Amino acid sequence: MKSQVKSLVTNVMVIILILSFGLPFAAAQNTEEIPRLSNGKPSMTGYWDSVRRVDVTNTRLSGYVEELPYTEWGLAQWESYDRTDPEQGDYAGSCMPFGISRTVFGPWPIALKHDNDHLVMLAEQNSWFHMIPTDGRAHVADFPSSWWGDSVGHWEDDTLVVVTKNLNGYTKVDTAGHPMSSLATIIQTFTRVDAQNIAHTFTLDDPGAYTEPWTVYNNWAHQPEGFRIMEYSCMENNLTGLTSGSLLPWIRPDETQPSE
Amino acid sequence: MTKILKISILISSLLCISPPLFAHHSIAAEFDSENPIRLMGTVNEVVWMNPHISIFVDVPQDNGIILTYEVQGGNPNSMYRRGARKDDLKPGDPIIVEGARARKEGSLRVGQGNFTTPDGTEVW
């Protein structure tokens, strides 16, 4: 009886640990060798799936942000955003680029192709791609700002660090609509903890919208052999909604972005 | 322990599943989940497109007119991975739809559709 109780307690502890910290704990059992690039660094190549995160503050999902430290501008953005208001014309409904955050927090798989010089993200969501040089080059100082921004990667030991700058400030952090300004820098880390998992972090350093950086932790799970990325033509069935007026088109916001 | 791990991962995964209304964009801007609609009719056409499938449903009215509603369902890629196929529903199939009305007055578009057959079998 005593051993049964002990076993039950152990099992409950395992469940709590997994529910609290997600799959990385379970993945610790994996003993397959981590694939490596020709330069010896871990390869991120593969098909990956992650946790759908509609709201980065959702406490039901491990790795969430406890409290977002808004600036005055950020709080005003958050309080004025109403995703149920069709007049605000959500950019995602118009199939404008989701950018990094709403892609990595989205529900669809991502293929990564990785060599010594580049990490290429091939997202199923809207069939977007994003190229990240990892060959030591710097950000392009005079690049025009954009939805996805300009990303470069570098290694810190066996962790690939991707820094993205020069964002246009039109994207939101998540579907819930948490703000992001044109002053934002996104820092992602990719650590291949074993053959089946990447520990991924998303840090937003955005002095326009938040008084200090904050981080979301997500596990990316490797998809089995034979997995396929499917076509995702976003406008295909949104067009009738937009042309009928049921879905209002996104309009470039005219509010001023915060200044440095 | 392996069994427990599998159960734990399953529970963990289930907790991570988001409702379909958040599947792509802010669907709440087009459809009002607080304003439900229930339709009984027959399938006119299945449109298997991203980001959400549409099922056109012919719904007879009391005055004899047939209105054709466009009911949006889930994301076709996610549905495919769960085993759903376009020909699970065919034109002429009787169908019951529960969904959310469009915010636009008079619109025959319905969002977040759930589809069942008259005998209560859940299709999508």
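Residues that are over 30 Å from A:Glu66 (Cα atoms), surrounded by fewer than 19 Cβ atoms within 10 Å (Cβ to Cβ) and either in contact (Cβ under 8 Å) with a residue 12 or more places away in the chain or within 10 Å of chain B (Cβ to nearest Cβ) (or both) within the stretch A:218-237 comprise A:Phe227, A:Arg228, A:Ile229, A:Met230, A:Glu231, A:Ser233, A:Met235, A:Glu236, listed in sequence order.
Please specify each residue of the stretch A:76-125 satisfying the condition of being of a type in the set (Gly, Ala, Ser), under 28 Å from A:Gly245 (Cβ atoms) and out of contact with any helix residue (DSSP H, G or I) (no Cβ under 6 Å at 6 or more places or on another chain). Matches in the stretch A:76-125: A:Ser80, A:Gly89, A:Ala92, A:Gly93, A:Ser94, A:Gly99. Inside the stretch A:79-170, counting only strands (runs of 3 or more DSSP E) that do not spill past its ends, which hold 3 or more residues that are in contact (Cβ under 8 Å) with a residue 60 or more places away in the chain? Answer list for the stretch A:79-170: A:110-114. The set of residues from the stretch B:92-117 being away from chain A (no Cβ under 14 Å) and either touching a residue at least 60 places away in the same chain (Cβ under 8 Å) or under 10 Å from B:Ile55 (Cβ atoms) (or both) comprises B:Asp93, B:Ile95, B:Val97, B:Glu98, B:Phe115. The condition (being free of Cβ contacts under 8 Å to residues at least 40 places away in the same chain, polar (S, T, N, Q) and surrounded by fewer than 19 Cβ atoms within 10 Å (Cβ to Cβ)) is satisfied by just one residue among A:Thr201, A:Thr211, A:Thr215: A:Thr201. Of the residues making up the stretch A:103-118, those that are more than 29 Å from A:Tyr91 (Cα to Cα) and buried (at least 19 other Cβ atoms within 10 Å of the Cβ) number 1.
Return yes when A:Trp155 is farther than 23 Å from A:Thr45 by Cβ, surrounded by fewer than 19 Cβ atoms within 10 Å (Cβ to Cβ) and of a type outside the set (Val, Ile, Thr) and no when it is not.
Numbers: farther than 23 Å from A:Thr45 by Cβ: no; surrounded by fewer than 19 Cβ atoms within 10 Å (Cβ to Cβ): yes; of a type outside the set (Val, Ile, Thr): yes.
So A:Trp155 does not fit the description; no.
Readers should treat all values here as calculations from the given coordinates under stated rules, not as data from a laboratory. All of these numbers come straight from a predicted model, not from anything done at the bench. Using ideal geometry, Cβ is built from the backbone for each residue, glycine included, and neighbour counts are taken over all protein chains shown.
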